[in-house]
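S.K.: Structure in structure tokens, see below.
The values are calculated or read from the model by the stated rules, or taken from the named source; none is laboratory data. Given the structure is predicted, the values throughout are model-derived calculations rather than measurements. For neighbour counting, all protein chains shown are included, and Cβ atoms are generated from backbone atoms with ideal geometry for every residue, glycine included.
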Amino acid sequence: KPDSFDEDYDISGRNPAIRDSMININTFGGGLPGFDNDWDRYIKSYYRSTMAIDDAVGRVMDALEAAGVSENTVLIYTSDQGYNLGEHQLCEKHYAYEETWRVPMLLRYPAQVSPGLKVEKLAMTIDIAPTVMDYCGVAIPEDSTGLSWRPLLEGETETWREEILFDHPTEHDRNVVSQLAVRTERYKLITYPRQDFIELYDLVEDPREMRNVAHAADYADALADMKVRLARICEENGWAQYIPHYFERVWALGPVPEAELPGVERALYFMPDDLEIPFYVAGKHYAWEPLEATAIHNFGIQAAFGDEPGNYCFLVCDITLQADQDPYTILRYVPFRPIRAFHEGRRILEREEPGWEATLNPILKPGKNRIVLRFACAGNPNVQLHCYAPEGSVVVT
């Protein structure tokens, strides 16, 4: 077990809301309880998975060698995020600590990159695309937020980013707390948008982040500087607090017999902007009708369409994106139920069995985005719908 497995948060000064989150390794289903509370079994399972990845990468490299292109191929090895294996009593991801924040970042390109070169700079996964484009002679878009590593790999290390932003928004702090952090090469400041708590770590003196120095007098200047950096990088990136946007009314269609689903779903490609216009499928008249929420974002399906087995209903959720780029918007439906979802008539999701989350993440374009959800009428007395996005970024209707 890691040294910090039995960490005393009162001594380290860490936010107790982190320890008490649902991803505590001793209580979370994906932690020790998922492995009969057997630590050795848990760790062996994880490392067996990573060894399988290493074996697969080896096969890729062997194939490149056999094809005679390994010397002139850019190969990048990385991961989507780090992982806690009991450090600070945590497992999985979701946190601004080094175990989660840091990932492997290895690049192999024998034609232009010296073997064994190590660069100690703040690299990010958003740098991968511009780096590959740079080496391939493709122009990097001016609005790219990532940077090419090529200058670093060629020894030009004087001008590079000085800090990076970490943003982990959550709908509420009941399961995993929302966090906003900034990291430089030496310091890391972690804030909690819904809580009056901050953490500051000196990553040179305390690389395992075991002492929160946010309230230490000798770190007052460092804390002030990091607060300025966080405010600046948030402004530069247009950061805003994620908030729920509630639907007060949706357009609804139903009940639709199962045999007529294919025709109705094909008609979704040709939906007019004005949903008061009826349409026909196999000679049958269909019309969208407004369905008002009976409580906050709560829509009564059975009251509107009955509960006859084999019948379905469709709900239209219009989301207007006011920003220039998709801010990663979450559309949540509660409770979980089998669902089929469409965006501008194209199917984007289908879930038949209960899963981990009752959410979907449509990729939004500027302006109106029409999301249509299909539910079975039977067994679904009501559904709650809301959109979770940065404040001011979307309007839901």
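S.K.: Based on what the data block shows, is Asp307 closer than 20 Å to Cys377 by Cα, part of a loop (DSSP other than H, G, I, E, B) and modelled with pLDDT under 95?
M.R.: yes
S.K.: I'd like the full set of residues that are in contact (Cβ under 8 Å) with a residue 12 or more places away in the chain and out of contact with any helix residue (DSSP H, G or I) (no Cβ under 8 Å at 6 or more places or on another chain), limited to region 199-214. Reasoning before the result, please.
M.R.: Residues of region 199-214 that are in contact (Cβ under 8 Å) with a residue 12 or more places away in the chain, as a first pass: 199-204, 207-214.
The answer is Glu199, Tyr201, Val204.
S.K.: Right, next: Do you know which of the residues in region 281-295 that are surrounded by 12 or more Cβ atoms within 10 Å (Cβ to Cβ), outside any loop (DSSP other than H, G, I, E, B) and hydrophobic (A, V, I, L, M, F, W, C) is modelled with the lowest pLDDT?
M.R.: Checked region 281-295; the qualifying residue modelled with the lowest pLDDT is Val281.
S.K.: Just checking, which of Glu391, Glu357 is modelled with pLDDT under 90 and out of contact with any Ser or Thr (no Cβ under 7 Å at 6 or more places or on another chain)? Before you say what the answer is, go through the steps one by one.
M.R.: Details: Glu391 fails: modelled with pLDDT under 90.
Sole residue among the options that is modelled with pLDDT under 90 and out of contact with any Ser or Thr (no Cβ under 7 Å at 6 or more places or on another chain): Glu357.
S.K.: Out of all the residues in region 247-260, which are surrounded by 15 or more Cβ atoms within 10 Å (Cβ to Cβ), within 32 Å of the chain's Cα centre (by Cα) and not β-branched (Val, Ile, Thr)?
M.R.: Of region 247-260, the ones surrounded by 15 or more Cβ atoms within 10 Å (Cβ to Cβ) are 247, 250-256, 260.
Still in the running and within 32 Å of the chain's Cα centre (by Cα): 247, 250-253.
Within region 247-260, Phe247, Trp251, Ala252, Leu253 meet the criteria.
S.K.: Related question: Name the residue that is surrounded by the most Cβ atoms within 10 Å (Cβ to Cβ), counting only residues in region 54-102 that are in contact with a Leu (Cβ under 8 Å, 6 or more places away or on another chain) and over 30 Å from Leu203 (Cβ atoms).
M.R.: Only one residue fits best here, namely Ser70.
S.K.: How many residues does region 204-240 contain that are under 26 Å from Arg102 (Cβ atoms) and not in a helix (DSSP H, G or I)?
M.R.: Matching residues across region 204-240 total 16.
S.K.: What are the residues in region 241-252 that are part of a loop (DSSP other than H, G, I, E, B) and either in contact (Cβ under 8 Å) with a residue 60 or more places away in the chain or over 30 Å from Gly300 (Cα atoms) (or both), if any? Even if it seems obvious, please write down each step before you answer.
M.R.: Going through region 241-252, the residues part of a loop (DSSP other than H, G, I, E, B) turn out to be 241, 247-248.
Answer for region 241-252, where residues must be part of a loop (DSSP other than H, G, I, E, B) and either in contact (Cβ under 8 Å) with a residue 60 or more places away in the chain or over 30 Å from Gly300 (Cα atoms) (or both): Gln241, Phe247.
S.K.: What helices (runs of 4 or more DSSP H) completely inside region 74-175 contain at least 1 residues that are closer than 23 Å to Pro193 by Cβ and not β-branched (Val, Ile, Thr)?
M.R.: Details: elements: 98-101, 128-135, 150-153.
Here the list reads 98-101.
S.K.: For Leu106, work out the one condition from (1) over 22 Å from the mean Cα position of the chain (by Cα); (2) farther than 21 Å from Glu7 by Cβ; (3) surrounded by 12 or more Cβ atoms within 10 Å (Cβ to Cβ) it doesn't fulfil.
M.R.: Only one criterion in (1) over 22 Å from the mean Cα position of the chain (by Cα); (2) farther than 21 Å from Glu7 by Cβ; (3) surrounded by 12 or more Cβ atoms within 10 Å (Cβ to Cβ) is unmet by Leu106, namely (3).
S.K.: Being of a type in the set (A, V, I, L, M, F, W, C), on the phi < 0 side of the Ramachandran plot and out of contact with any Lys or Arg (no Cβ under 7 Å at 6 or more places or on another chain) is true for just one of Ala181, Ala216. Which residue is that?
M.R.: Working: Ala181 fails: out of contact with any Lys or Arg (no Cβ under 7 Å at 6 or more places or on another chain).
So the residue among Ala181, Ala216 that is of a type in the set (A, V, I, L, M, F, W, C), on the phi < 0 side of the Ramachandran plot and out of contact with any Lys or Arg (no Cβ under 7 Å at 6 or more places or on another chain) is Ala216.
S.K.: With a cut-off of at least 3 residues that are closer than 20 Å to Leu268 by Cα and touching a Lys or Arg at 6+ places or on another chain (Cβ under 9 Å), name the strands (runs of 3 or more DSSP E) lying wholly within region 345-397. Quick ask: steps written out before the conclusion?
M.R.: Values: elements: 346-351, 367-376, 382-390, 394-396.
In region 345-397, 346-351, 367-376 are the strands (runs of 3 or more DSSP E) which contain 3 or more residues that are closer than 20 Å to Leu268 by Cα and touching a Lys or Arg at 6+ places or on another chain (Cβ under 9 Å).
S.K.: Looking at (1) in contact (Cβ under 8 Å) with a residue 40 or more places away in the chain; (2) farther than 30 Å from Glu391 by Cα, find the lone condition where Ala323 falls short.
M.R.: (2)
S.K.: So the check is Cβ under 7 Å with 6+ separation or different chains; which pairs have a first residue in region 4-24 that's touching a residue at least 12 places away in the same chain (Cβ under 8 Å) and assigned to a loop (DSSP other than H, G, I, E, B) and a second one that's of a type in the set (Ser, Thr, Tyr) and surrounded by 14 or more Cβ atoms within 10 Å (Cβ to Cβ)?
M.R.: From region 4-24, the pairs are Asn15/Tyr192.
S.K.: Now for a separate question. Just wondering, is there one or more residues in region 5-17 that are under 22 Å from Ser79 (Cβ atoms) and modelled with pLDDT of 90 or more?
M.R.: Here is the first cut: in region 5-17, the ones under 22 Å from Ser79 (Cβ atoms) are none.
Checked against the condition, which is being under 22 Å from Ser79 (Cβ atoms) and modelled with pLDDT of 90 or more, region 5-17 yields no hits at all.
S.K.: Right, next: Does region 18-46 hold any residues that are under 18 Å from Asn84 (Cβ atoms) and loosely packed, with under 11 Cβ neighbours inside 10 Å, and which are they?
M.R.: Gly29, Asp40
S.K.: Any residue that is within 28 Å of the chain's Cα centre (by Cα) and either of a type in the set (Lys, Arg) or closer than 30 Å to Asn212 by Cβ (or both) - is there at least one of those in region 53-75?
M.R.: No, the conditions are met nowhere in region 53-75.
S.K.: Go through region 373-395 and give me each residue that's within 22 Å of the chain's Cα centre (by Cα) and not hydroxyl-bearing (Ser, Thr, Tyr). Explain how you work it out, then say what you get.
M.R.: Filtering region 373-395 for residues within 22 Å of the chain's Cα centre (by Cα) gives 373, 384-395.
Within region 373-395, Leu373, Gln384, Leu385, His386, Cys387, Ala389, Pro390, Glu391, Gly392, Val394, Val395 meet the criteria.
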